[in-house]
Amino acid sequence: MTEMVRTRDELAQARARLSGPVVLVPTMGALHEGHLALLRAARSLAGDGGSVAVSIFVNPLQFGPGEDLDRYPRTLDEDLVLCAKEGAALVFAPSAAEMYPKGRPAVTVDPGPMGAVLEGEFRPGFFGGVLTVVLKLFNLVRPSVAVFGEKDAQQFALVRRMVADLDLGIRIAPVPTVRDADGLATSSRNRYLSADERARALTLSRALRAGAAAAAAGPDAVLAAARAELDGEPGLAVDYLALVDPETFTGPVDSRPAVLAVAARVGATRLIDNVRIGGA
Ligand code: AMP
């Protein structure tokens with residue numbers, strides 16, 4: 001049975017009843033196949049004795065002015081059905097006032113230099129907001145393991161780095177990016193796309209595949225192949241295309257595995273995607 005709680009007091013009581021190690025899946029809801037892959041990985045990591053907890057919270061702290069905080073899809077009833085189906089024991093779905101009772105927190109997590117590049121450059125304050133809410137969720141839920149998607153590769157690297165730098169003692173487990181059959185990475189924001197925009201959005205994954213296919217020819221060829229695909233679609237406003245180290249999100253990369261990351265706007269919708277180049 002899945003228990004849904006809204007307040008930190010209810011969470012504390014429900015948390016005390018959970019059996020074994022707890023595996024946390026932090027989300028903003030509007031659950032899709034990507035989230036379901038995280039829930040399944042969490043269920044398997046928890047094993048027979050452990051429990052899966054899911055948080056559903058559209059975190060205002062990570063949205064900038066003019067971004068989509070107000071129109072972000074909220075589908076709590078459907079989300080709860082999916083969490084129950086995937087064997088989650090607990091869903092924590094707090095209000096913004098519950099998470100931030102004193103309003104905007106005065107003390108927040110500083111994501112450091114890695115939080116200022118790529119996504120951080122185009123979304124100032126984003127990673128500070130993400131890491132602050134993730135740390136709060138870790139403190140409230142006290143999981144042994146937390147599961148994050150490789151779809152948000154820079155976020156994944158920053159969460160891991162926060163855990164290491166602040167000695168949080170929580171294992172951060174990755175889940176590979178889930179894609180629709182046509183290659184588009186599943187995302188809650190895909191709901192915004194018209195049919196025409198969706199067709200244009202496919203250019204992102206096509207560019208990443210083209211980049212990956214050029215891996216043997218070196219980093220410049222990877223970037224050129226991906227850039228050529230992006231340039232071929234005028235209906236796309238590219239924020240960045242970069243080949244970076246997966247742990248530091250800085251370049252230039254040497255012979256080690258790298259991440260080819262892209263962000264672009266299609267109409268009013270901003271999409272990100274990435275792929276591993278070289279290595280496992
Ligand atoms: P969100 O609800 O978008 O904040 O995402 C919650 C978690 O799901 C994050 O760890 C994301 O990286 C992960 N996630 C979102 N989309 C995907 C996807 N297509 N494949 C794998 N993980 C995903």
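The values are calculated or read from the model by the stated rules, or taken from the named source; none is laboratory data. Quick caveat: nothing in here was measured; it's all calculated off a predicted structure. Positions of Cβ are backbone-derived with ideal geometry, glycine not excepted, and every protein chain shown enters the neighbour counts. Heads up: the accessible areas ignore ligands, DNA and RNA and are worked out on the full protein's heavy atoms, side chains in. Shrake-Rupley method; radii C 1.70, N 1.55, O 1.52, S 1.80 Å.
Worth pointing out:
- Residue check for LEU223: assigned to a helix (DSSP H, G or I), within 16 Å of the ligand (Cβ to nearest atom) and of a type outside the set (Phe, Trp, Tyr): no
- Flag for PHE92 being closer than 18 Å to PHE127 by Cβ and in the same structural domain as VAL134 (by TED's automatic domain parsing): no
- Within region 195-205, if we keep just the residues that are within 16 Å of the ligand (Cβ to nearest atom) and not hydrophobic (A, V, I, L, M, F, W, C), the residue that is surrounded by the most Cβ atoms within 10 Å (Cβ to Cβ) turns out to be SER205.
- The lone criterion from (1) in a helix (DSSP H, G or I); (2) touching a Phe, Trp or Tyr at 6+ places or on another chain (Cβ under 9 Å) left unmet by LEU36 is number (2).
- Selected residue (criterion: nearest to ILE172 (Cα to Cα)) from residues of region 33-52 that are surrounded by fewer than 19 Cβ atoms within 10 Å (Cβ to Cβ) and within 15 Å of the chain's Cα centre (by Cα): LEU36
- Residue count, region 149-162 (criterion: in contact with a strand residue (DSSP E or B) (Cβ under 8 Å, 6 or more places away or on another chain), open to solvent by 50 Å² or more (accessible area, probe 1.4 Å) and more than 7 Å from the ligand (Cβ to nearest atom)): 1
- Residue check for THR186: in contact (Cβ under 8 Å) with a residue 60 or more places away in the chain, closer than 30 Å to PHE138 by Cβ and polar (S, T, N, Q): yes
- When THR27, THR7 are checked against the criterion of being of a type in the set (Val, Ile, Thr) and open to solvent by 30 Å² or more (accessible area, probe 1.4 Å), THR7 stands alone in meeting it.
- VAL133 vs. criteria surrounded by 16 or more Cβ atoms within 10 Å (Cβ to Cβ) and within 15 Å of the ligand (Cβ to nearest atom): yes
- Entry remark, region 53-102: residues being in a loop (DSSP other than H, G, I, E, B) and either charged (D, E, K, R) or open to solvent by 40 Å² or more (accessible area, probe 1.4 Å) (or both) number 12 in total.
- Filter pass, ALA181 being over 15 Å from the mean Cα position of the chain (by Cα), modelled with pLDDT of 95 or more and surrounded by fewer than 20 Cβ atoms within 10 Å (Cβ to Cβ): yes
- Residue list for region 166-179, filter: of a type outside the set (A, V, I, L, M, F, W, C) and free of Cβ contacts under 8 Å to residues at least 40 places away in the same chain: ASP167, GLY169, ARG171, PRO174, ARG179
- Filtered residue count, region 163-194, keeping only those that are more than 16 Å from the ligand (Cβ to nearest atom) and farther than 19 Å from ARG71 by Cβ: 6
- Test: residue in region 211-220 that is hydrophobic (A, V, I, L, M, F, W, C), out of contact with any Pro (no Cβ under 6 Å at 6 or more places or on another chain), in a helix (DSSP H, G or I) and crowded, with 16+ Cβ neighbours inside 10 Å: yes
- Matching residues in region 5-31 - criterion: being under 21 Å from PRO60 (Cα atoms) and not β-branched (Val, Ile, Thr): ARG6, ARG8, LEU11, LEU24, PRO26, MET28, GLY29, ALA30, LEU31
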